[in-house]
């Protein structure tokens with residue numbers, strides 16, 4: 001069964017693109033999609049509706065090519081931007097002072113993932129037992145439709161989300177170290193950290 005993404009996931013990419021390229025630039029980028037994908041954007045995206053994940057991936061590829069270098073690095077920037085918007089609005093509860101504790105990563109990723117995709121899950125298999133954090137791993141499990149543009153976006157999303165949830169106590173860089181596309185059982189992301197300065 002093909003994976004679907006919630007409409008606000010697609011809308012987020014559209015908003016990011018419009019911010020960077022303007023209304024006309026967004027229209028030009030959408031025009032470069034296949035006829036099948038363009039048909040999806042001919043109507044207003046329903047934030048609560050489900051859309052093909054492959055259309056989302058195709059949109060990421062075109063946006064990265066047109067506004068970036070075509071090497072998917074812009075997808076990571078989109079992920080950081082998306083995490084900031086998500087955690088300011090939809091998932092604000094996870095950034096409340098009550099939750100300035102990385103243990104929230106035991107539950108928050110599942111809630112957020114299920115709010116975007118109809119398959120798979122995001123888990124943090126081990127969390128640090130002290131305030132000194134050197135690394136954290138995140139995994140995307142049971143997700144059959146991994147795609148490199150989405151993987152890059154998730155690098156940025158996880159990077160920014162952990163930073164925000166920690167109350168800016170830590171900063172770091174996330175790198176995907178395992179990917180289903182390369183034959184691994186799941187996609188795994190390594191966050192290597194240091195205290196914020």
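The values are calculated or read from the model by the stated rules, or taken from the named source; none is laboratory data. Predicted model only: the values in this text are computed from it and were never measured. Here the Cβ is made from the backbone with ideal geometry for all residues, glycine too, and neighbour counts use every protein chain on show.
What tally of residues in the range 52-85 results from selecting those that are buried (at least 16 other Cβ atoms within 10 Å of the Cβ) and not in a helix (DSSP H, G or I)?
Matching residues across the range 52-85 total 3.
Report yes if some residue within the range 53-70 is touching a strand residue (DSSP E or B) at 6+ places or on another chain (Cβ under 6 Å) and under 18 Å from residue 82 (Cα atoms); otherwise report no. Quick ask: steps written out before the conclusion?
Going through the range 53-70, the residues touching a strand residue (DSSP E or B) at 6+ places or on another chain (Cβ under 6 Å) turn out to be 53, 56.
Within this subset, residues satisfying the condition of being under 18 Å from residue 82 (Cα atoms) are 53, 56.
Taking every residue of the range 53-70 in turn, at least one turns out to be touching a strand residue (DSSP E or B) at 6+ places or on another chain (Cβ under 6 Å) and under 18 Å from residue 82 (Cα atoms).
For residue 21, are the conditions met, namely being outside the structural domain of residue 154 (by TED's automatic domain parsing) and either closer than 23 Å to residue 139 by Cα or modelled with pLDDT of 95 or more (or both)?
Values: outside the structural domain of residue 154 (by TED's automatic domain parsing): yes; either closer than 23 Å to residue 139 by Cα or modelled with pLDDT of 95 or more (or both): yes.
The answer is yes for residue 21.
Residue 8 versus (1) crowded, with 18+ Cβ neighbours inside 10 Å; (2) over 16 Å from residue 114 (Cα atoms): which is the lone unmet condition?
(2)
Counting only residues that are without any contact (Cβ under 8 Å) to a residue 12 or more places away in the chain, assigned to a loop (DSSP other than H, G, I, E, B) and closer than 22 Å to residue 156 by Cα, how many does the range 1-46 have?
0
Taking the range 137-151 only, how many residues are touching a strand residue (DSSP E or B) at 6+ places or on another chain (Cβ under 8 Å) and crowded, with 22+ Cβ neighbours inside 10 Å? Give the steps one after another, and end with the answer.
If we filter the range 137-151 for residues that are touching a strand residue (DSSP E or B) at 6+ places or on another chain (Cβ under 8 Å), which is where we start, we get 137-143, 146, 151.
Cutting the leftovers down to crowded, with 22+ Cβ neighbours inside 10 Å gives us 138, 140.
Result for the range 137-151: 2.
Filtering the range 161-180 down to residues that are part of a helix (DSSP H, G or I) and modelled with pLDDT under 95, which residue is nearest to the chain's Cα centre (by Cα)?
Taking the range 161-180 and keeping what is part of a helix (DSSP H, G or I), we get 161-165, 180.
Those still in the list that are modelled with pLDDT under 95 too: 161-165.
Working: 161: 10, 162: 12, 163: 14, 164: 14, 165: 15 Å.
Result: 161.
Tally up the residues in the range 113-132 that are modelled with pLDDT of 90 or more, part of a loop (DSSP other than H, G, I, E, B) and over 20 Å from residue 190 (Cβ atoms), please.
Residues that pass the stated criteria total 3.
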